[in-house]
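To start, the structure itself, in structure tokens.
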Amino acid sequence: MSIARSLLLYASRSQRLAAALRNRRFVGRAVNRFMPGEEFSAALAAARRFADAGIGTVLTQLGENVATLAEAESVQRHYLDALRDIRQAALPAQISVKLTQLGLEVDRAACELALRSLVAGAAETGSTLWIDMEDSSYTDVTLDVFRRVRSEWPNVGVCLQAYLRRTPADLESLLPLEPAIRLVKGAYAEPPAVAFPRKRDVDAAYYALAGRLLERAAGGKANPVFGTHDMRLVGRIRARAAELGVPPRGCEFHLLYGIRERDQRALAAEGEAVRVLVSYGSAWFAWYMRRLAERPANVWFVLKNLI
Ligand SMILES: Cc1cc2nc3c(=O)[nH]c(=O)nc-3n(C[C@H](O)[C@H](O)[C@H](O)COP(=O)(O)OP(=O)(O)OC[C@H]3O[C@@H](n4cnc5c(N)ncnc54)[C@H](O)[C@@H]3O)c2cc1C
């Protein structure tokens, strides 16, 4: 892992830096590149614009590691309202949540109940409710919760991170559930014993995992989503999907708001099922630092705004 990436991921956990930078206007301008606004209404308006261009969305309110049950309940209420608004607006928008934002560390049982209520709300909208994957200390519990909820609800999906050495085994254990899986490379600082430190190993792991998911998708036994902006990888995955006879739109490509927009539109125009993950909310600091860490060149963008 590069020094710049390590430093940015280290900074992402600093409450002090978060407080110091949150209200700086030059940071706000730079953050706007990755989100349409802090309010849910901005995310909904973006979802409409994408829908008009034939692109779906996944909406997520920024925030993680809430410290009280009251905060977790307010997140749950927010998402239930969001699902109602999406339904009323008839938009092809899904929701993605972090379990620590639903109170995982405060009360595990309450967190799972909250998740179930959101999955039920998403089912009324006919959509999938996604569970983000956080750092590796949460992998086991996240997959446990996913397995239990998936045994009752088909419309729940979970994210897996290709950089984790454990992921091939996790994927095998999940495949009998005929799951919806969003495969990503992984965004957190992890020790080399846990995650591949070299990018080329992560990329190779991603392609191997994607192949396994596509084999299952060809038989209608998995709903893979490839969450990546790596267009070379996307090209290889599309070629492999065609080789294996995955039906059209039998897998999806999800990208983040503000990244590779031309490719988002091109993929959709070529008939692929594409969604853009739109983040909103005021708790953007840790999430934004992870975006900078993915591409440290983005730091120049922040500095340009400062000047
Ligand atoms: C839909 C979606 C959901 C995600 N959910 C999770 C999750 O739940 N848990 C998790 O750990 N991670 C998540 N991630 C983040 C993911 O783990 C990676 O950190 C991120 O996608 C960057 O990796 P990449 O696959 O785009 O490939 P890379 O090889 O890192 O990037 C490929 C190319 O994409 C462009 N690019 C990538 N990132 C940026 C950026 N920040 N700014 C500008 N250009 C960029 C660059 O041109 C780069 O060369 C998610 C990503 C996506 C797209």
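Just for segment 19-42: of the residues that are more than 15 Å from Val299 (Cα to Cα) and within 16 Å of the ligand (Cβ to nearest atom), which one is farthest from the chain's Cα centre (by Cα)?
Pro36
For segment 182-202, what are the residues that are of a type in the set (Gly, Ala, Ser) and closer than 29 Å to Asn155 by Cβ?
Gly186, Ala187, listed by residue number.
Return the total of residues in segment 203-230 being within 14 Å of the ligand (Cβ to nearest atom), within 29 Å of Asn155 (Cβ to Cβ) and surrounded by fewer than 19 Cβ atoms within 10 Å (Cβ to Cβ).
Number satisfying all stated conditions: 3.
Residue-by-condition table, conditions (1) under 26 Å from Pro179 (Cβ atoms); (2) not basic (Lys, Arg):
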residue	(1), (2)
Arg249	yes, no
Leu256	yes, yes
Ile259	yes, yes
Arg262	no, no
Leu267	yes, yes
Gly271	yes, yes
Ser279	yes, yes
Trp287	yes, yes
Ala293	no, yes
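As an exercise: evaluate Ala189 against (1) modelled with pLDDT of 95 or more; (2) among the hydrophobic types (A, V, I, L, M, F, W, C); (3) over 26 Å from Arg238 (Cα atoms) and give the number of the one condition it does not meet.
(1)
Which number in (1) farther than 16 Å from Ala46 by Cα; (2) within 16 Å of the ligand (Cβ to nearest atom); (3) crowded, with 17+ Cβ neighbours inside 10 Å marks the one condition that Ala241 misses?
Of everything listed in (1) farther than 16 Å from Ala46 by Cα; (2) within 16 Å of the ligand (Cβ to nearest atom); (3) crowded, with 17+ Cβ neighbours inside 10 Å, Ala241 misses just condition (2).
Could you list, in sequence order, the residues of segment 253-268 that are surrounded by fewer than 19 Cβ atoms within 10 Å (Cβ to Cβ), in contact (Cβ under 8 Å) with a residue 40 or more places away in the chain and within 14 Å of the ligand (Cβ to nearest atom)?
Within segment 253-268, Gly258, Ile259 meet the criteria.
Given the structure, is Arg29 assigned to a helix (DSSP H, G or I) and touching a residue at least 24 places away in the same chain (Cβ under 8 Å)?
Spelling it out, Arg29 is indeed assigned to a helix (DSSP H, G or I) and touching a residue at least 24 places away in the same chain (Cβ under 8 Å).
Out of Arg16, Arg5, which single residue is part of a helix (DSSP H, G or I) and over 23 Å from the mean Cα position of the chain (by Cα)?
Selected residue: Arg16, the only one of Arg16, Arg5 that is part of a helix (DSSP H, G or I) and over 23 Å from the mean Cα position of the chain (by Cα).
The values are calculated or read from the model by the stated rules, or taken from the named source; none is laboratory data. All figures in this text were calculated on a predicted structure; none of them were measured in a lab. All Cβ positions, even for glycine, are placed from backbone atoms using ideal geometry, and neighbour counts span all protein chains on display.
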